[in-house]
1. Using beta carbons and a limit of 9 Å, which pairs, at least six apart or on different chains, have the first residue in the range 224-243 and under 18 Å from Glu142 (Cβ atoms) and the second one surrounded by 14 or more Cβ atoms within 10 Å (Cβ to Cβ) and of a type in the set (Lys, Arg)?
2. For the range 156-194, which residues satisfy the criterion of being closer than 16 Å to Arg138 by Cβ, polar (S, T, N, Q), within 36 Å of the chain's Cα centre (by Cα) and loosely packed, with under 14 Cβ neighbours inside 10 Å?
3. Can you tell me how many residues within the range 195-204 are open to solvent by less than 40 Å² (accessible area, probe 1.4 Å) and among the acidic types (Asp, Glu)?
4. Restricting to the range 205-215, name every residue that is open to solvent by less than 10 Å² (accessible area, probe 1.4 Å) and of a type in the set (Gly, Ala, Ser).
5. Quick one: what pairs do we get from the range 189-213, first residue among the acidic types (Asp, Glu), second part of a loop (DSSP other than H, G, I, E, B), C-beta under 8 Å, 6+ apart or different chains?
6. Scanning for something touching a Lys or Arg at 6+ places or on another chain (Cβ under 8 Å) and either open to solvent by 40 Å² or more (accessible area, probe 1.4 Å) or assigned to a loop (DSSP other than H, G, I, E, B) (or both), does the range 220-230 turn up at least one residue?
7. If I filter the range 99-107 for residues that are out of contact with any strand residue (DSSP E or B) (no Cβ under 7 Å at 6 or more places or on another chain), at pLDDT 95 or above and surrounded by 16 or more Cβ atoms within 10 Å (Cβ to Cβ), do I get at least one hit?
Amino acid sequence: MSGSKSSDVFSARAPSPPPETLGDRVLGLTVHSLPQAGDAVAYAERTRHGRWKLLLLLLVCAAPVAASYFTYYVIRPEARRNYGELIQPQRPLPALPTTTLDGRPGRPLSALKGQWLLVSVSGGACNASCEQHLYLQRQLRESMGAEKDRIDWVWLIDDDAPVPVALLQALRQATVLRVDAKALATWLQPAPGQQLADHLYFADPMGNWMMRFPAGLDRAGAAKAKRDLERLLRASASWDEPGRAEKH
């Protein structure tokens, strides 16, 4: 009997505990200690120093760009880089009548378009200054090396005087034409106080007179003029090609 009671006691199920409510739970919280005042100050100092270093780095990186803008927009050195004087506005090559050295009518002056033109002007007698210009024209053209075929050496004679026979052999690579002096003055002009024959002139392949070199050009000046020609040829390399024959 007692065994039966004991079995009944053990076989009886104990009641399930009531469901746990949110309020009965114990929440586990991790508590972090607050930084000490000295650590906070040090952290702020490091942050401030880091910002200053970043700002200085940005300024160093931006300095060349800022300097270039200042140089371009304020100092504008390119206005003084050219040895020759840029002509503004450019003057287009007129269709003036010409005469060859043997007295026959030549093609109009505008037929010279298609090449860069290095031009001198003088009377046919060609004094010492004229001879110097002709020599420097040839030397400048030859100094361009492989690019020389993009430049024509042009001598325009503005009177009827005969050309010295001694010069004819040296002029084989030049384009020599006689042009009326008054008509030519509608295209080329000297600097104030100078004569037309005192300068060398440079025209682009479209026939626009765009540069005048200083009067009394010598070898030192020619070296400076060469740098102008090199820059112009380099800048036009993408659209200009040597040889007038291929363009006409």
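The values are calculated or read from the model by the stated rules, or taken from the named source; none is laboratory data. This is a predicted model, so every value here is computed, not measured. Please note: Cβ atoms are built from the backbone with ideal geometry, for glycine as well, and neighbour counts cover all protein chains shown. Please note that ligands, DNA and RNA were not included when accessible areas were found on the heavy atoms of the full protein model with its side chains. Shrake-Rupley method; radii C 1.70, N 1.55, O 1.52, S 1.80 Å.
1. Leu229/Arg141; Leu233/Arg150; Pro242/Lys148; Pro242/Arg150; Gly243/Arg150
2. Of everything in the range 156-194, just one residue is closer than 16 Å to Arg138 by Cβ, polar (S, T, N, Q), within 36 Å of the chain's Cα centre (by Cα) and loosely packed, with under 14 Cβ neighbours inside 10 Å, namely Gln173.
3. Matching residues across the range 195-204 total 1.
4. In the first step, residues of the range 205-215 are kept if they are open to solvent by less than 10 Å² (accessible area, probe 1.4 Å); the result is 207, 209, 211, 213.
Listed by number, the list holds a single entry, Gly207.
5. Matching pairs, first to second residue: Asp198/Pro190; Asp198/Ala191; Asp198/Ala215; Asp198/Gly216; Asp204/Ser236.
6. Kept after step one, since they are touching a Lys or Arg at 6+ places or on another chain (Cβ under 8 Å), are these residues of the range 220-230: none.
Looking through the range 220-230, none of the residues is touching a Lys or Arg at 6+ places or on another chain (Cβ under 8 Å) and either open to solvent by 40 Å² or more (accessible area, probe 1.4 Å) or assigned to a loop (DSSP other than H, G, I, E, B) (or both).
7. Checked against the condition, which is being out of contact with any strand residue (DSSP E or B) (no Cβ under 7 Å at 6 or more places or on another chain), at pLDDT 95 or above and surrounded by 16 or more Cβ atoms within 10 Å (Cβ to Cβ), the range 99-107 yields no hits at all.
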